[in-house]
Structures are given as structure tokens and as C-alpha cells.
1. Select from the stretch 501-517 the residues that are surrounded by fewer than 18 Cβ atoms within 10 Å (Cβ to Cβ) and at pLDDT 95 or above and list them in ascending order.
2. Quick check on the stretch 573-598: of everything there that is over 28 Å from ALA528 (Cβ atoms) and free of Cβ contacts under 8 Å to residues at least 60 places away in the same chain, which residue is nearest to the chain's Cα centre (by Cα)?
3. Any residue that is in contact with a Pro (Cβ under 7 Å, 6 or more places away or on another chain) and of a type outside the set (Phe, Trp, Tyr) - is there at least one of those in the stretch 344-362?
4. Mind telling me which of the residues ASP386, ASP343 ends up being surrounded by 19 or more Cβ atoms within 10 Å (Cβ to Cβ) and acidic (Asp, Glu)?
5. Between TYR54, TYR96, which is at pLDDT 95 or above and surrounded by fewer than 23 Cβ atoms within 10 Å (Cβ to Cβ)?
6. What single numbered condition from (1) within 29 Å of the chain's Cα centre (by Cα); (2) under 27 Å from MET72 (Cα atoms); (3) hydroxyl-bearing (Ser, Thr, Tyr) fails to hold for SER177?
Amino acid sequence: MRCSIFLSGVWFCLLLLCDHATQAAEPPVGASRQFLPNILWITSEDNGPHLGCYGDLYADTPHLDALAARSMKYDHAWSCAPVCAPARTTIITGMYPTSLGAQHMRSEVALPTDFKLLPQRLRELGYYCTNNSKTDYNLTVDSKEIWNQSSAQAHWRGRPAGRPFFAVFNFTISHESQLRTRPHNAIHDPQRVPLPSFHPDTPEVRQDWAQYYDRVTEMDREVGSILLQLDNDGLTDNTIVFYFSDHGSGMPRCKRWLYECGLRVPLIVHIPERLRALVPGEYQPGGTSQRLVSFVDLVPTLLSIAGQKPPAEFPGGAFLGKYSGAAPQYLYGFRDRMDERYDMSRAVRDANFSYIRNFQPHRPQGAYLEYMFQTPTTRVWQQYFDEGRLNEAQRQFWLTKPAEELYDLRNDPDQIHNLIAQPEHAETAKRLRDELMAWMIRSGDLGLLPEGEVLAKSGGKSPRELGLDHQRFPIEEILRVADQATRPEPGDMARLLQHRLSPHSACRYWLAHGLLLRTILAQDRAEALQAASSMAHDESPHVRSIANETLARFGTADDRRLAIVSLLRMADARNTNAMAAVEALGSLDWCRPTKDEVGHGLKGLPTSVWGLPKRYESYITRLVQRIDAASQFERSPK
């Protein structure tokens with residue numbers, strides 16, 4: 001028996017050595033001289049686990065179902081961010097973008113000078129790294145420098161002879177934009193499509209959801225094509241395959257929101273039989289893992305599979321390979337600026353419950369976003385809300401948010417029934433609330449600072465350095481004020497107002513949000529308005545925006561007139577900065593100004609600001625167009 005085991009082990013080692021000789025080049029000097037498997041990384045866009053292999057009976061995904069049948073499928077994988085650019089920033093860095101100041105949708109920030117991205121780390125080990133072809137990172141990096149090849153032609157076939165490859169193929173056919181293209185050749189019957197309980201049952205909604213499933217089927221075919229190429233090249237037995245989506249469905253309330261349908265992604269990993277010695281542990285062909293997995297775990301996992309111990313600074317952990325560790329107890333998610341609209345929410349989940357903390361509960365989920373409103377479902381959903389034709393579950397999207405949300409994921413997969421106020425769940429809520437706050441502090445969450453302030457204080461350097469500087473960024477103090485301001489309790493106004501003279505503008509910023517929230521809730525309104533008036537000329541334009549919004553919406557006629565003038569002045573980026581201008585315009589939009597009130601104040605506002613990346617340019621334009629169109633008729637402040 002021992003002889004048989006010994007001979008089997010020798011035979012396996014000979015196979016690896018033979019494969020190494022034909023597939024992997026000698027790593028560079030100083031790198032580990034161990035076997036490196038090929039890695040094929042297939043990603044799709046804007047789709048959750050709406051696949052047959054995940055039990056979706058309406059889905060038609062034969063290629064991914066076949067892959068899952070011989071692979072490990074993960075039931076609880078989270079994207080960290082429910083939108084593409086922050087999610088991809090997580091993937092490429094292995095860090096939470098909130099730690100890098102890169103969490104806002106389509107932002108662009110510098111990395112620490114010595115930081116290495118995933119393909120750079122793998123290239124140092126000897127991999128030939130290709131990306132076909134989307135990047136969309138919120139980072140000032142040149143994709144041509146970090147990849148051996150990054151283009152629509154990038155392929156493992158371009159590697160030098162004998163080199164192992166890390167090849168990424170990204171499929172865009174399931175992207176949000178593809179759900180609304182018309183005309184469309186239908187695959188699925190809209191009359192049979194399952195609808196989530198938060199969407200109204202209308203022809204437009206059915207068409208969008210059916211077309212979403214159609215696009216997932218088309219994406220599945222593209223996955224099948226790549227797997228066929230791998231097989232035709234004789235590489236199937238030598239290549240580890242990952243498949244996952246960048247975040248959940250592109251439908252409204254899924255993409256951009258911290259619910260399971262926005263954060264949960266399919267994750268399938270295939271380890272060929274001859275390579276399974278590289279992944280000791282729970283891997284089981286055709287199996288399903290209940291382990292909690294996050295995008296911050298991907299970089300450590302790839303390094304672990306390659307035999308490298310992940311650096312200690314990574315917040316995630318490997319779930320496969322030599323250095324795989326214990327499963328985490330929690331997953332974390334974040335939501336900040338989405339295109340032209342500011343917001344801030346954080347989420348944590350364990351095996352059974354999801355907790356969401358909304359730091360701007362005075363903003364509705366369905367705040368107008370120009371890109372999202374191109375989807376027919378969004379428009380008809382709002383129309384039904386305006387006409388009073390929605391049930392309670394469907395109305396919530398258009399109302400101001402609760403400060404806290406708690407959901408039992410086992411019994412409420414659509415996350416409709418908020419349990420935060422139920423006494424029997426108080427202990428769970430406190431545990432998850434405390435865990436979320438601890439994570440924000442531990443990770444150095446830069447979302448607690450206004451974006452324009454992060455860019456200004458970073459001075460062109462990496463915001464990560466600012467996040468680690470507790471003198472300039474006293475995160476525990478700021479988080480304490482943000483939590484108190486935006487989770488109001490009876491009789492807390494006097495304690496809150498103590499922060500009015502704080503030397504930290506971020507503390508005053510969250511105080512201003514707290515005052516706005518209390519005026520909306522009619523809690524201590526007179527005192528809140530008086531405090532907002534004293535902050536209307538704060539040295540920080542971000543504080544001024546929120547204070548003046550409060551006065552314009554709830555103050556006297558004179559308060560409103562002066563506040564709108566102030567917001568128009570701040571909307572000119574030459575007077576502040578581009579992101580302060582975006583915030584001021586957002587506040588102005590919530591004031592619902594009339595044409596007479598706006599006057600010519602929107603004319604000639606600079607939309608392109610010198611020194612700011614082009615990724616930011618459309619935000620001011622979108623808000624100006626929105627306000628200008630809406631101001632053509634009278635609207636009552638809400």
C-alpha cells in the first residue's frame with residue numbers, strides 16, 4: 001500500500017515537472033522556483049447568480065452549468081461594491097477602495113508609490129498576463145504598463161513559448177446598457193419571467209428582466225467559446241479557471257445598492273484533477289461551498305495558488321491554495337458617489353443576516369441618476385410611484401432611507417422586511433453595527449471625508465497616505481460624529497451641536513447632514529435651522545452646501561433666496577473645486593428651484609476643470625441639465 005502511494009506521488013510530481021517544462025518559463029531572478037499553473041479568469045458584467053447551476057429555473061446557461069458540474073461553486077460571494085469601477089478597483093488591488101480613496105464611481109486617484117497591482121505581482125512570478133480588455137479602474141495607472149497585453153486582441157496565445165499565463169476575458173453583453181437596447185431578438189418569454197417583489201408588474205419591467213436573462217444566455221455562449229478555445233489548445237488539463245461577475249444585476253435597486261441582488265455574484269472555480277495538489281482543503285468537483293467570499297480575497301487566493309504567501313497588509317484572505325485560511329465571519333460592502341449623485345452607505349453580512357448603515361438617510365434610494373433613468377423599468381417604476389400605484393414594498397425605493405436596515409437573508413431574500421426596530425433582533429443589530437464601525441476604522445474608510453476634501457488634502461499623492469494620518473484624519477472622532485448625526489435619538493441635539501466649532505471640517509460636514517435630516521423629520525427643526533444658518537458661511541464648501549440646502553428647503557423666503565444664490569456661487573468650480581461644485585449642484589437640485597430663482601446662474605458654468613481627469617467631466621453637465629429642465633415649472637420643496 002505504501003509503495004503504491006509512493007509511486008502515485010512520484011508519478012504526479014513527474015506530471016507537474018513535465019507540464020512545467022512545456023508550459024512555464026523559468027521565473028525571474030529572485031522569484032520562487034516552483035510550479036506555476038495557467039490561470040484563466042472569465043468575468044461578466046452586471047449579472048447576479050441568475051444561472052441554472054444556482055437553481056434559477058428560468059435561466060438558460062448550459063456552458064456555465066456544465067462548468068459548475070465539474071467545479072466548485074460558491075454560494076455566498078460578494079463584490080464589495082454594487083457598481084463596476086469600484087468593484088474592479090477592488091479586484092485589481094486586493095484592497096477595499098474605501099482605504100484608497102477610490103470608492104466613488106468613476107473617480108481617479110493615485111496609488112502609494114510602492115503598491116503593486118495583481119498583474120504586476122503575477123508577472124514578477126513569471127506569468128504572462130493578458131487582459132481582454134476592460135480596465136475601468138479608479139486609479140491613475142497605465143494599463144499597458146501593468147499588463148503584458150491589454151486590448152481586444154489580448155490572448156494567452158500571444159505568450160512566449162514556455163510561459164505560464166494569467167489571462168482575463170471580460171464579457172460586456174450582460175451590462176446594464178444592453179438591457180434596454182431595442183429592437184431585441186427575444187430568447188425568454190417576458191410573461192414567464194420571475195419578478196422580484198420590489199418591482200411593479202408592468203410590461204416594461206417584464207421586458208427588461210426577460211432581456212436581462214437573454215443577455216445572460218448570450219454571455220454564457222461567450223464563456224463556452226473561450227472554454228472551447230482552451231480545450232482546442234490542449235490546455236484544459238493544465239489551467240485553473242475562475243468565472244464570476246463584477247457585481248449583481250444591472251436592474252434598478254440591484255446595481256448601485258447594497259442589497260444581495262447588487263452585491264452577490266456567481267463564483268465558479270475549476271481545478272483540473274492533475275492540479276488539485278495545489279489547492280488542499282475544501283475544494284470538491286461539483287461541490288458547493290457556503291464559505292463567505294469577497295473580492296478582496298481574490299488577489300490573496302491567486303498568490304496562494306501560485307505558492308506565494310499573501311502580504312499581511314491585504315484585508316482579505318486566500319480561500320484556495322497553499323496559504324488558504326479559515327473562512328471569515330463577515331463580508332463588507334460600500335456605496336458612495338454614483339456618477340453625479342452623492343450618497344454614502346456601508347453594509348456587513350454574516351451567514352444569515354445583512355445590516356446596512358445609510359449615512360445619508362435623508363436621500364431616497366431612487367435619487368435621479370441620468371444613466372439609470374435610461375432603463376425603462378426605472379421610468380415606469382417612478383411613474384407608478386407618482387401615480388400612487390405601488391404597494392408598500394415597491395414604494396420604499398422612492399422614499400427617504402432608514403438610517404439602519406437589517407434583513408434575515410434566509411427568510412427574506414428580496415430584503416423587504418426591515419427588522420431593525422424589532423426587539424428580538426436588537427442583539428443581532430448591535431453586533432453587526434459594532435462590527436461595521438470597527439471595520440470602517442480598521443480599514444481607514446475615506447468615505448467619511450467629502451471627495452473634494454480628499455483630493456485637495458492628498459495634493460496629487462495617494463489618498464491612502466491621508467487615510468493613515470490620524471492627525472489629519474481622526475477617523476474615530478469623525479465616525480462618531482457621523483453616526484450620531486445621521487442616526488438621531490430623542491434629546492441628542494445639544495450633544496450634536498457641540499461639534500459646530502470642531503476644527504475638523506469633516507465633523508462639521510456630518511453635523512450639517514444631521515441638521516438637514518432633523519429638519520426633514522421635523523425633530524428640533526427651529527434649533528436645527530438656527531444652527532444651519534450659523535454654518536451657511538463655513539470655510540468648507542461641502543459644509544456650506546448642506547447648510548444652505550437646509551435653509552433653502554425649510555427656512556424663510558429670505559433664507560431660501562440667499563441660500564440658492566450661495567449654492568449657485570459654489571456650483572462654479574472656479575470658486576471652489578469640481579467635486580464641491582458637484583455637491584452644490586446636487587443640493588441645489590434637492591431645493592427644487594424655479595426658473596426665476598435660478599435665473600442665469602447655471603449659464604456658463606465650467607464643466608471641464610483644469611487638472612481634473614476626464615472621468616469627472618460629465619457630472620456637472622448632467623446636474624445642470626437636470627436642474628435647468630426641472631426649473632421650467634414650479635415645484636414645491638420636498
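1. SER502, PRO503, HIS504
2. In this case the residue turns out to be ALA573.
3. Yes; the residues of the stretch 344-362 include at least one that is in contact with a Pro (Cβ under 7 Å, 6 or more places away or on another chain) and of a type outside the set (Phe, Trp, Tyr).
4. Result of the check over ASP386, ASP343: ASP343.
5. Just one listed residue meets the conditions, TYR54.
6. Single failed check for SER177: (2).
Quick grid of which residues meet (1) more than 23 Å from LEU100 (Cβ to Cβ); (2) assigned to a helix (DSSP H, G or I):
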residue: TYR213; (1), (2): yes, yes
residue: VAL223; (1), (2): yes, yes
residue: GLY262; (1), (2): no, yes
residue: TYR283; (1), (2): yes, no
residue: GLN290; (1), (2): yes, no
residue: LEU302; (1), (2): no, yes
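Residue-by-condition table, conditions (1) farther than 30 Å from PHE397 by Cβ; (2) surrounded by 18 or more Cβ atoms within 10 Å (Cβ to Cβ); (3) among the basic types (Lys, Arg); (4) in contact with a Phe, Trp or Tyr (Cβ under 6 Å, 6 or more places away or on another chain):
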{"position": "GLY234", "(1), (2), (3), (4)": "yes, no, no, no"}
{"position": "ARG256", "(1), (2), (3), (4)": "no, yes, yes, no"}
{"position": "ILE268", "(1), (2), (3), (4)": "yes, yes, no, yes"}
{"position": "ARG276", "(1), (2), (3), (4)": "yes, no, yes, no"}
{"position": "TYR283", "(1), (2), (3), (4)": "yes, yes, no, no"}
{"position": "THR288", "(1), (2), (3), (4)": "yes, no, no, no"}
{"position": "SER294", "(1), (2), (3), (4)": "no, yes, no, yes"}
{"position": "LEU298", "(1), (2), (3), (4)": "yes, yes, no, no"}
{"position": "PHE319", "(1), (2), (3), (4)": "yes, yes, no, no"}
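The values are calculated or read from the model by the stated rules, or taken from the named source; none is laboratory data. All values derive from a computational prediction rather than experimental measurement. Methodologically, a virtual Cβ is constructed for each residue, glycine included, from the backbone with ideal geometry; neighbour enumeration extends over all protein chains shown. What goes into the accessible areas is simple: the full protein's heavy atoms, side chains included, and nothing from ligands, DNA or RNA. Shrake-Rupley method; radii C 1.70, N 1.55, O 1.52, S 1.80 Å.
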